[in-house]
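Single-structure report; data block below.
The values are calculated or read from the model by the stated rules, or taken from the named source; none is laboratory data. Note that the structure is predicted; figures quoted are calculated from it, not measured. Quick reminder, even Gly has a Cβ in these numbers, built from the backbone with ideal geometry, and neighbours come from all protein chains shown. The area values use the complete protein model at the heavy-atom level, side chains included, leaving out ligands, DNA and RNA. Shrake-Rupley method; radii C 1.70, N 1.55, O 1.52, S 1.80 Å.
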Amino acid sequence: MEENKELQAALQKLKDWAYELNKCSEKTDAEAEVFWNRLKKDNAVLREFAYYYDYRDFLCELKIGRYTIADILVWQMDHFRAHMDRSDSANRYDKDKLLLSTFTTLLDMHENPEEIMNEFEEETGIDISGGWYTH
């Protein structure tokens with residue numbers, strides 16, 4: 001019974017943080033609810049999210065194809081950099097938006113790996129021959 005209370009308290013902290021992350025990213029409560037519902041249904045992504053919450057570092061335990069959340073972050077940063085040159089970019093220094101976008105992409109990739117992995121390989125955001133780096 002005590003374990004259940006601890007688990008519920010931990011989940012509530014994660015939910016609160018998910019909502020705060022969405023709020024800081026100028027998302028609505030409805031968007032935060034959608035994000036949280038997706039997250040709590042996906043244990044592997046929820047574990048990555050919880051680890052980040054606890055340690056402010058990526059666990060990288062979930063691997064989809066050859067990609068981890070760290071790869072997604074790098075890919076997201078390349079996309080954010082493309083917007084940095086624009087004077088109207090609100091994402092220029094927004095770590096919350098970058099982090100939320102990274103976890104959202106991880107959820108998307110876990111649900112539909114082929115589509116997102118194709119985006120990774122086609123839209124690298126970097127100028128190298130052959131596209132994305134390989135591990």
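Below, the figures for the structure above:
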read-out: Accessible surface, 1.4 Å probe, highest first, among residues SER25, SER101; value: SER101, SER25
read-out: Order of exposure, largest accessible area first, which applies to PHE103, PHE58 with probe 1.4 Å; value: PHE58, PHE103
read-out: Environment charge at GLU61 (Cβ cut-off 15 Å; Lys +1, Arg +1, Asp -1, Glu -1); value: -2
read-out: Heavy atoms of LYS40: accessible area, 1.4 Å probe, square angstrom to 10; value: 100 Å²
read-out: GLU33 accessible area, 1.4 Å probe, all protein chains in place, Å² to nearest 10; value: 70 Å²
read-out: LEU21, LEU98, ranked by accessible area, largest first (probe 1.4 Å); value: LEU98, LEU21
read-out: Heavy atoms of VAL74 accessible to a 1.4 Å probe, total area in Å² rounded to 10; value: 60 Å²
